[in-house]
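The values are calculated or read from the model by the stated rules, or taken from the named source; none is laboratory data. On a predicted model such as this, the values are computed, not experimentally measured, just so you know. All Cβ positions, glycine included, derive from the backbone under ideal geometry; neighbour counts span all protein chains shown. What goes into the accessible areas is simple: the full protein's heavy atoms, side chains included, and nothing from ligands, DNA or RNA. Shrake-Rupley method; radii C 1.70, N 1.55, O 1.52, S 1.80 Å.
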Amino acid sequence: VAFNSKEAEVLLAGPAGSGKSLVWLAKILTLCDRYPGARCLIVRKTRESLTESLLVTWERDILGVNNKILTRNPTLRRVRQSYRIGNGSEVVVAGLDRPDKVLSSEWDFIFVGEATDLSLNDWETLNGRLRAGVVPFQQLAGDCNPTSPSNFLYKRQAAGLMRMYTSTHRDNPRFFNRHTKRWTPDGEKYLERLGRLTGARKARFLEGKWVSAEGAVYDYRAAPEFDDHGVM
């Protein structure tokens, strides 16, 4: 459902390992293939945090290690700045710790990994850069593990400014086989590991709940309201 969404702001939230990033990265490649000249951005709070997280998934699971996009540009992942698709579309990677490339360009689609690391100012600044106009809709999409309901993203969706979708471990084909309706060996091991967590960490990373550090559980449909500046 999140893959086909066209809302201006979308968050895919769920427990650790539920395949959230795969959804948005697959959507980026689809948009680039479908709309020649599209400009998409993959961003995290810091550029360093991208290298061994989202870019591994992007190159290994979405593009494939033998994809000509990678073989014709053998630059190491840690210094790679962009991926040029054959039809003129481009995927740029950046961190908000070096915002020049992000803020000086226009985009059709922006994917924010671990969006809860951002501030409200970061999020709204990115929103203002969605004006390339090649794709029929422009979208700011993020993923995250649930955290405290005091986070601005939780409040933002409760105020109707953003659509939130929820993922579960059953959405990750590595962990759950949709044909047999059974957990894979990797899935069983990973869930057993998460089951050892306690308190708010278990609620967030295993159960996908937005909870305070004290353990209070919040219904995402009943978050506190806040004003236009993100203040309660």
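Okay, residues lined up against (1) free of Cβ contacts under 8 Å to residues at least 24 places away in the same chain; (2) over 29 Å from Glu192 (Cα atoms); (3) of a type in the set (Lys, Arg); (4) not in a helix (DSSP H, G or I):
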{"position": "Phe3", "(1), (2), (3), (4)": "no, no, no, yes"}
{"position": "Leu12", "(1), (2), (3), (4)": "no, no, no, yes"}
{"position": "Leu22", "(1), (2), (3), (4)": "no, no, no, no"}
{"position": "Pro36", "(1), (2), (3), (4)": "no, yes, no, yes"}
{"position": "Val56", "(1), (2), (3), (4)": "yes, no, no, no"}
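Taking the range 90-154 as the region of interest, the strands (runs of 3 or more DSSP E) fully inside it that hold 1 or more residues being touching a residue at least 12 places away in the same chain (Cβ under 8 Å) and open to solvent by 10 Å² or more (accessible area, probe 1.4 Å) are 90-95.
One residue stands out among those in the range 58-89 that are in a loop (DSSP other than H, G, I, E, B), at pLDDT 85 or above and open to solvent by less than 80 Å² (accessible area, probe 1.4 Å): the one that is nearest to Gly142 (Cα to Cα), which is Ser89. Taken as a whole, the range 166-189 holds at least one residue that is at positive phi and of a type in the set (D, E, K, R).
Of the candidates Ala223, Ala200, the single residue that is within 22 Å of Gln157 (Cα to Cα), among the aliphatic types (A, V, I, L, M), modelled with pLDDT under 55 and within 24 Å of the chain's Cα centre (by Cα) is Ala223.
Consider the range 174-193 and keep the residues that are closer than 20 Å to Asp61 by Cα and part of a helix (DSSP H, G or I). The one that is most open to solvent (accessible area, probe 1.4 Å) is Pro185.
Selection within the range 155-173: residues that are in a strand (DSSP E or B) and of a type outside the set (Ser, Thr, Tyr). The member of this set that is nearest to Leu194 (Cα to Cα) is Met164. Listed conditions (1) closer than 15 Å to Gly14 by Cα; (2) without any contact (Cβ under 8 Å) to a residue 60 or more places away in the chain; (3) of a type outside the set (Phe, Trp, Tyr) are all met by Thr184, apart from (1).
Is at least one residue of the range 25-32 touching a helix residue (DSSP H, G or I) at 6+ places or on another chain (Cβ under 9 Å) and over 30 Å from Lys189 (Cα atoms)? The answer is yes; a qualifying residue exists.
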